[in-house]
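Q: Sending over a structure as structure tokens; questions will come in a sec.
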Amino acid sequence: MSTAALSFHGQSLELPVITGTENEVGIDIARLRGTSGAITLDPGYGNTGSCKSAITYIDGEAGILRYRGYAIEELAAGASFVEVVHLLVYGVLPGAEELQQFQDSLTIHTLLHEDMKKFYEGFPPSAKPMSVLSAMVASLSTYYESNDDINIIRLLAKLKTIAAFSYKKSIGQPFVYPRNDLDFVSDFLHMMFAVPSEEYLVNSVVRDTLDMLLILHADHEQNCSTSTVRMVGSSGADLFSTISTGISALSGPLHGGANTAVINMLEVIKKDGANYAKYIAKAKDRNDPFRLMGFGHRVYKNFDPRARLIKQAADRVLDQLGLTDPLLDIAKNLERVALEDEYFIERKLYPNLDFYSGIVYRAIGLPTSMFTVLFALGRLPGWIAHFREMRNSRDRLHRPRQLYTGPEHRPFVAIEHR
Ligand code: SDX
């Protein structure tokens, strides 16, 4: 076992060094406080590993992303989202028969309990879809208290129904029930866009594009929402309550909410005469809260491989559907100008998966209000895979330490003497 030497305050400690599959190196500080009295401090955990995991590997410098060892580019080109769900959650790509059984098990669990429809009546039409999603997922734990395995199937099957129902609620249309004769993605599209008065036929380009986008969003190791799931799950909270917190974490504009923020940003730049230089300057100005949404990443210091694939999908799907979107041209020009600018080059800021995803969602007819919900639909298998891994490896309760910087001990003074 190799070690790392740490010396301070006249002490010298040998800390174990652990090496991962791809030769990443971790210094094990599990016994640091017990042997030295000191803790480490790493706001935002940029240098801290919270666990060992066998699910996803990212090399941020090389722009590599693999689910269970398979390259994201190969999965996006050759697998279906349901295959990838099985891969992430259970660790293996299913064979044809196993895949059909898995798909069938999802199909028979897509309905919500009829009483759960009443919950939607309490939400205002303007309710944020991510808030509805989080609330509805948490409420599943009031209906299903059995063991986690069947609940994994229930949640994988029901989230798209919950999402589609929240969209229908937001536009005042009647809910469309899931159909057992449709595949996973087609069923979601049908629930989203079918209306009682006419038949909705799923467009294969739209379906295939959404299937690929869900794959690209399916997992990303210890991102903010997945780490939230592992932390909350470590307390023993049930699957539904835990995933509900992951949805809430994802909703933030610095995380999953960025795909919506990118479209809003591109619309502003379009209205402002596509004045790229102005917005690049604003993004660089420390005193200006404006950030180039969809740019930058805690891990990728090279191109986000998903962004490359989504950018290609944007061109492809607009062409196949015979559409144009001025926002795509603006996004491409913004990327070009930014990547020629020293500020972005120096900080290794590249487009992340949120930069182009909204343009593809728009092209296939999905409403901006649902973009982050779509991110959650894609990320669900990743959250569940980490929940299972954390439970199976019996991770300790997550409980970080802190450095206290508040007032020293002082005597209490009763209010009459203050
Ligand atoms: C996702 O973790 C994951 O894996 C997440 C995700 C996943 O699949 O789960 O990949 C999905 O969340 C993608 C990220 C979506 N968010 C955005 O696009 C929001 C815009 N991006 C930034 O807010 C930022 O880049 C973050 C939040 C993504 C990362 O922030 P970090 O790692 O904390 O980096 P930082 O804020 O410390 O930035 C380092 C420097 C700073 O400048 P200096 O202080 O060194 O001068 O880069 C600058 C930042 O100001 N910077 C930006 C910028 N992002 C970083 N400047 C302008 N525009 C930006 N977008």
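Q: Return yes or no: is PRO381 assigned to a loop (DSSP other than H, G, I, E, B) and either surrounded by 19 or more Cβ atoms within 10 Å (Cβ to Cβ) or without any contact (Cβ under 8 Å) to a residue 12 or more places away in the chain (or both)?
A: No: the conditions fail for PRO381.
Q: Those residues that are farther than 20 Å from PRO253 by Cβ and either away from the ligand (no atom under 12 Å from the Cβ) or not in a loop (DSSP other than H, G, I, E, B) (or both), I need them from region 210-234; list them, please.
A: Residues satisfying the conditions are LEU210, ASP211, MET212, LEU214, ILE215, ARG230, MET231, VAL232, GLY233, SER234.
Q: Do any helices (runs of 4 or more DSSP H) lying entirely in region 24-113 carry at least 1 residues that are modelled with pLDDT under 95 and either under 17 Å from GLU221 (Cβ atoms) or out of contact with any strand residue (DSSP E or B) (no Cβ under 7 Å at 6 or more places or on another chain) (or both), and which ones are they?
A: Numbers: elements: 32-36, 72-78, 81-90, 96-107.
By residue number, 32-36.
Q: Only residues that are outside any loop (DSSP other than H, G, I, E, B) and either of a type in the set (D, E, K, R) or crowded, with 21+ Cβ neighbours inside 10 Å (or both): list them for region 193-205, please.
A: GLU198
Q: So which residues in region 264-293 are within 26 Å of the chain's Cα centre (by Cα), away from the ligand (no atom under 11 Å from the Cβ) and surrounded by fewer than 18 Cβ atoms within 10 Å (Cβ to Cβ)?
A: Those that are within 26 Å of the chain's Cα centre (by Cα), away from the ligand (no atom under 11 Å from the Cβ) and surrounded by fewer than 18 Cβ atoms within 10 Å (Cβ to Cβ): ASN264, GLU267, VAL268.
Q: Still on this model: Taking the condition in a helix (DSSP H, G or I), under 29 Å from VAL202 (Cα atoms) and touching an Asp or Glu at 6+ places or on another chain (Cβ under 9 Å), does ARG391 pass?
A: So ARG391 fails the test.
Q: State whether one or more residues within region 256-263 are of a type outside the set (A, V, I, L, M, F, W, C), near the ligand (Cβ under 9 Å from one of its atoms) and outside any helix (DSSP H, G or I).
A: Step one: of region 256-263, the residues of a type outside the set (A, V, I, L, M, F, W, C) are 256-257, 259-260.
Retained after the next criterion (residues that are near the ligand (Cβ under 9 Å from one of its atoms)): 256-257, 259.
If we keep only those that are outside any helix (DSSP H, G or I) too, we end up with 256-257.
For region 256-263, residues of a type outside the set (A, V, I, L, M, F, W, C), near the ligand (Cβ under 9 Å from one of its atoms) and outside any helix (DSSP H, G or I): present.
Q: Residue by residue through region 45-95, note down the ones that are over 17 Å from LEU214 (Cβ atoms) and polar (S, T, N, Q).
A: Matches in region 45-95: ASN47, THR48, SER50, SER53.
Q: Output the residue which, of all residues in region 313-370 that are closer than 29 Å to ALA127 by Cα and among the acidic types (Asp, Glu), is surrounded by the most Cβ atoms within 10 Å (Cβ to Cβ).
A: Across region 313-370, the extreme among qualifying residues is ASP354.
Q: Which condition breaks for ILE150 when tested against (1) farther than 24 Å from GLU389 by Cα; (2) surrounded by fewer than 22 Cβ atoms within 10 Å (Cβ to Cβ)?
A: The number of the failed condition is (1).
Q: In region 158-175, what residues are surrounded by fewer than 20 Cβ atoms within 10 Å (Cβ to Cβ) and either of a type outside the set (D, E, K, R) or touching a helix residue (DSSP H, G or I) at 6+ places or on another chain (Cβ under 6 Å) (or both)?
A: Residues satisfying the conditions are ILE171, GLY172, GLN173, PRO174, PHE175.
Q: Where residues in region 295-309 are more than 12 Å from the ligand (Cβ to nearest atom) and among the hydrophobic types (A, V, I, L, M, F, W, C), which of them is nearest to GLU221 (Cα to Cα)?
A: That would be PHE303.
Q: Yes or no: VAL132 closer than 21 Å to LEU374 by Cβ, touching a helix residue (DSSP H, G or I) at 6+ places or on another chain (Cβ under 7 Å) and part of a helix (DSSP H, G or I)? Break it down stepwise before answering.
A: On the way: closer than 21 Å to LEU374 by Cβ: yes; touching a helix residue (DSSP H, G or I) at 6+ places or on another chain (Cβ under 7 Å): yes; part of a helix (DSSP H, G or I): yes.
It is true that VAL132 is closer than 21 Å to LEU374 by Cβ, touching a helix residue (DSSP H, G or I) at 6+ places or on another chain (Cβ under 7 Å) and part of a helix (DSSP H, G or I).
Q: Quick one: SER251 ticks every box in (1) under 30 Å from LEU397 (Cβ atoms); (2) within 15 Å of the ligand (Cβ to nearest atom); (3) loosely packed, with under 15 Cβ neighbours inside 10 Å except a single one, so which number is it?
A: Result: SER251 passes all but (3).
Q: Being in contact with a Leu (Cβ under 8 Å, 6 or more places away or on another chain), charged (D, E, K, R) and farther than 26 Å from GLN11 by Cα narrows it down to one residue among GLU61, GLU73; which is it?
A: GLU73
The values are calculated or read from the model by the stated rules, or taken from the named source; none is laboratory data. On a predicted model such as this, the values are computed, not experimentally measured, just so you know. Note that each Cβ is placed from the backbone with ideal geometry, even for glycine, and that neighbours are counted across all protein chains shown.
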